[in-house]
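First comes the structure, then the notes that go with it.
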Amino acid sequence: MSHPYPPDHRQPVLGASSLPPLTEDTHWYRRAVFYEVMVQSFKDSNGDGIGDFPGLMSTLDYLSWLGVDCLWVPPFYPSPGKDDGYDVADYMSVNPAYGTLEDFTRFVREAHVRGIRVLVDMVLNHTSDQHPWFQSSREDPAGPFGDFYVWRDTPTGYPDVRVIFTDTEESNWAWDPVRRQFYWHRFFSHQPDLNYENPAVRRAVIDVVRFWCSTGVDGFRLDAIPYLFEEEGTNGESLPATHHFIATLREVIDTEFPGTVMLAEANQPPRDVVAYFGSDDQPECHMCFHFPVMPRIFQALREESSQGLRTILAETPPLPQGGQWAMFLRNHDELTLEMVSDEERDNMYRWYAPDPQMRANVGIGRRLAPLLHGSQREVEIAHALLLSLPGSPFLYYGDEIGMGDDYTLPDRYGVRTPMQWDAGPGGGFSDADPADFVLPMVSSPGWDHRAINVSQSRQREHSLLNWLRKMLAVRREHPAFGIGSMSLLSTDDDAVLAFLRRDESETILCVTNLSSSSRAVRIQLPGMGGWGLKDLATGHSFPTVNEHEYVDITLPRHSFYWLSVSMPKEQA
Ligand code: BGC
């Protein structure tokens, strides 16, 4: 089969073996801290108002200072930009506005020099309607790409499949006036779904993955992965054929590019998501986002109750060997409310998106700090949970300084505004006229780049940024946060969440007061009578667990402790 690419696009540009070695730990992703960075909004190097790879490269020292181990870079491929790059028009090159393939590989190399890995987004479910495969498919139904998409004469197939982008789409079928047929799309109508029943499609996307592996990337976020196959009479999500394809992809990666990590974006309940890890015999992804935990963190802060979190954690099944959850508070999308009940969704809208403009699809288009009304304590509590619940934390660019949003922008662009580096005219993002920026900077009083930026945050000792950096350093010292087991503990106050994280070498008690008032709480620690407690952040001792196997702790409002728990003989 011939590809409609210039052949030189498909040549590996840099052998992974020529890269400097990173740590040998094949389970590095279980201990890593991830950071999502949108290249177009992070740092502009050439003054055109659009962030680019040389710009991103120049920020690597900052990211390393912060304590980031791995970057997730959303799509940076050529694209008409109708879904901010998730509408891919060419899988095997770099959007010229963001730089060249050489800029990209240099960025990966420089990240590796600093011990930072790179995950790239793979949008395998669909392409842009501008992709040459689609153009060829619509113009030449009998040609080599005629069957690359899902075409029908009537828009009636797969009636049980839900519409995801409810703000803009009414149906998952769209009419193509060129081919004079309907095509299937799970997202925007300009994003036709690839036809995975066609073996040539499966081969072509595996080649795309091989191509990016050859540039030295460390892994992939697999976008919208539950939707690859369709089947009549089903909801079209997580079908056996989809799992089979993911397992095949994993086999190719394990054989040809061992150590490359696959991360599933599957917005599903935990019992269904867990299937994306596969089994020991037939592994699929190394990591999956844990979608349902996220809204429950926000819920817990308003309800001042740990109940929702306890329930979802108890419902989360154990993972196969080597699997790891990807935990997050916010990302480039809406704060999705697909995984909560109707009543919970109504509450979330009431608390966090009272103005309809703040809503996007089935969710909320706001950033972390404004969602939490700029309360540093609440932002810290949310991060304390993110860093201590089982899984690897994913930070979202700008959230480390408490950046604001602009919910008057369309779609989900309000949470993708330029990074605020300093108080200068372009916020340190770009030297271009701000009117030419890829997106407007946040301008609301108290949230603009003069009020909130990296430079000032670094200088202020008690800033969110310095606090987060410190907690990331504490977390790094204690691998149990990444690889340890988790067990929920009973307390006599529902507003306080308490659990143990434990690996072979240590036991950590994580206690979080979710409420806006001080709480004195009794925590049961079965089998630990006489054990001592020590604050991981300060080294200060806490009361010893008494012979009745409980300890009383007082926590100020919105506060938490991470305490090492050790047997009397282990204490210094
Ligand atoms: C991405 C979105 C994107 C969609 C369609 C998602 O899951 O995170 O930003 O619009 O896939 O590609």
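Filter segment 143-166 for residues that are touching an Asp or Glu at 6+ places or on another chain (Cβ under 7 Å) and more than 17 Å from Leu228 (Cβ to Cβ); which is modelled with the lowest pLDDT?
Top of the filtered list is Val163.
With respect to Glu232, is the statement that it is over 22 Å from Gly322 (Cβ atoms), within 16 Å of the ligand (Cβ to nearest atom) and in a loop (DSSP other than H, G, I, E, B) true?
No: the conditions fail for Glu232.
For the subset of segment 186-200 comprising residues that are assigned to a loop (DSSP other than H, G, I, E, B) and more than 10 Å from the ligand (Cβ to nearest atom), which member is surrounded by the most Cβ atoms within 10 Å (Cβ to Cβ)?
Here the answer is Pro192.
Just checking, how many residues over segment 1-26 are at pLDDT 50 or above and surrounded by fewer than 17 Cβ atoms within 10 Å (Cβ to Cβ)?
So the count comes out to 5.
Can you find, within segment 157-173, the residue that is farthest from Val362 (Cα to Cα) among those that are away from the ligand (no atom under 15 Å from the Cβ) and touching a strand residue (DSSP E or B) at 6+ places or on another chain (Cβ under 8 Å)?
Only one residue tops the list, namely Gly157.
Considering only segment 446-453, I want to know if a residue exists there that is under 19 Å from Gly85 (Cβ atoms), under 27 Å from the mean Cα position of the chain (by Cα), among the β-branched types (Val, Ile, Thr) and crowded, with 19+ Cβ neighbours inside 10 Å.
No, segment 446-453 contains no residue that is under 19 Å from Gly85 (Cβ atoms), under 27 Å from the mean Cα position of the chain (by Cα), among the β-branched types (Val, Ile, Thr) and crowded, with 19+ Cβ neighbours inside 10 Å.
If Glu102 satisfies all but one of (1) within 16 Å of the ligand (Cβ to nearest atom); (2) not in a loop (DSSP other than H, G, I, E, B), what's the number of the condition it fails?
That leaves (1) as the condition not met.
Which of the following residues is crowded, with 18+ Cβ neighbours inside 10 Å and either among the aliphatic types (A, V, I, L, M) or within 16 Å of the ligand (Cβ to nearest atom) (or both): Glu334, Glu338, Glu303?
Checking each option against the conditions leaves just Glu334.
Quick check on segment 238-251. Is at least one of its residues under 25 Å from Trp72 (Cβ atoms), part of a loop (DSSP other than H, G, I, E, B) and at pLDDT 95 or above?
For segment 238-251, residues under 25 Å from Trp72 (Cβ atoms), part of a loop (DSSP other than H, G, I, E, B) and at pLDDT 95 or above: present.
The values are calculated or read from the model by the stated rules, or taken from the named source; none is laboratory data. Not measured: the values here are computed from a predicted model. Note that each Cβ is placed from the backbone with ideal geometry, even for glycine, and that neighbours are counted across all protein chains shown.
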